[in-house]
Amino acid sequence: MQNFKDFWNQSYKLISRKDVFFNASAVTFNLFICAIPFLLILLSILGYILSVDEAFNELVRYGQELFPNFTYESQSSDVIKGPITIETILRPLVGAREAFGIAGIVILLFFTQGLIHSLKHVLFDSFDIEERKHPIMDAVYNFLAFGLLGTVFLFFSLSVSVVSLLDLDDFTIPFTEVVINLPWIYDVLNIILPIILTFFIQYVVFRFISERKIRPQVAVMGAATYTLLFEGARFGLSTYLNYAFSAYRFFYQGYTILVIISIWIFYSALLFVLATLLARAYKDVYVSNRPTIEENPYNAIS
């Protein structure tokens, strides 16, 4: 019980001492710069492994998993849906996939350094880790970390494609004629897979963008905290936008979607900073205070 109180006291001290909004703004700025090149290169890679249409569907699915889902019907009977809006934004990228892929590689190689470095700065600043001073080694670690993030996206894309080929609705017990109907299995997968994807992405960020200077159990804590906060916020904002989207559309007109996406990206970056500080508090209270050897020397020997 005392550790629980110490954890929240330490969290409050860290949040009040660190530049939470400044770090979140830095991550948001680099996310905006890197978003389009990342989508271009991801679309290009998935397009060569899968078909172009399947690659586009994968990007739309990622958008549905990472952005709030809402539906709004105006007085003119026009229906605005979050997934359809994402599809409309991404559709022009498909036409010139090869040219954009080459341009995306060149641009991404430059701008990804800023995104990875901003994430690394948040981690190092929160955990009071001294940053690497050699620029070449820093760039090498940044490229390796970004490659791991791309591998996670690619792995989940291929996994979803393989699962979609399987018929999971009906399961036949071997050597019998008994068939078990599981009509809810795909609904469960639609809920679980985005959570697993978010968790693994954040684990890669905490563990490997920090150059493995954050312990695995602390990285798991940070990734789990961010996933919980992110999914809870996404569900809450989706519910809120179903009722309040008309008010935003009245004030911002055609820029409503851009405003919502901008706010959501900043909020996601803010959640990352908070999750990092909570992971630091967890390390200080539950990990750093653990004895490195047994208090009884005979137990250590045995």
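The values are calculated or read from the model by the stated rules, or taken from the named source; none is laboratory data. Worth saying up front: this structure is predicted, and the values here are computed from it rather than measured. Note that we place each Cβ from the backbone using ideal geometry, even for glycine, and neighbour counts take in every protein chain shown.
Here are some notes:
- Boolean, LEU165 is modelled with pLDDT under 80 and under 24 Å from the mean Cα position of the chain (by Cα): no
- Pair list, Cβ < 7 Å and 6+ apart or interchain, from the range 1-17 residues that are touching a residue at least 40 places away in the same chain (Cβ under 8 Å) to residues that are among the β-branched types (Val, Ile, Thr): ASN3/VAL285; ASP6/VAL285; PHE7/VAL285; GLN10/VAL285
- Single residue of the range 140-149 satisfying the filter (surrounded by 15 or more Cβ atoms within 10 Å (Cβ to Cβ) and of a type outside the set (S, T, N, Q)) that is nearest to the chain's Cα centre (by Cα): LEU149
- Restricting the range 182-216 to residues that are of a type in the set (Ser, Thr, Tyr) and in contact with an Asp or Glu (Cβ under 9 Å, 6 or more places away or on another chain), the residue that is modelled with the highest pLDDT: THR198
- Verdict on ILE129 being part of a helix (DSSP H, G or I), surrounded by 11 or more Cβ atoms within 10 Å (Cβ to Cβ), at pLDDT 75 or above and of a type in the set (A, V, I, L, M, F, W, C): no
- Pairing each residue of the range 253-277 that is touching a residue at least 60 places away in the same chain (Cβ under 8 Å) and over 21 Å from PHE127 (Cα atoms) with any residue that is part of a helix (DSSP H, G or I) and β-branched (Val, Ile, Thr), provided the two are 6+ apart or on different chains, yields C-beta distances under 6 Å for ILE257/THR85; ILE265/THR28; PHE266/THR28.
- The lone exception for PRO291 - which of (1) in a helix (DSSP H, G or I); (2) at pLDDT below 85 it fails: (1)
- For GLN253, the test of being in a helix (DSSP H, G or I) and at pLDDT below 80 is passed.
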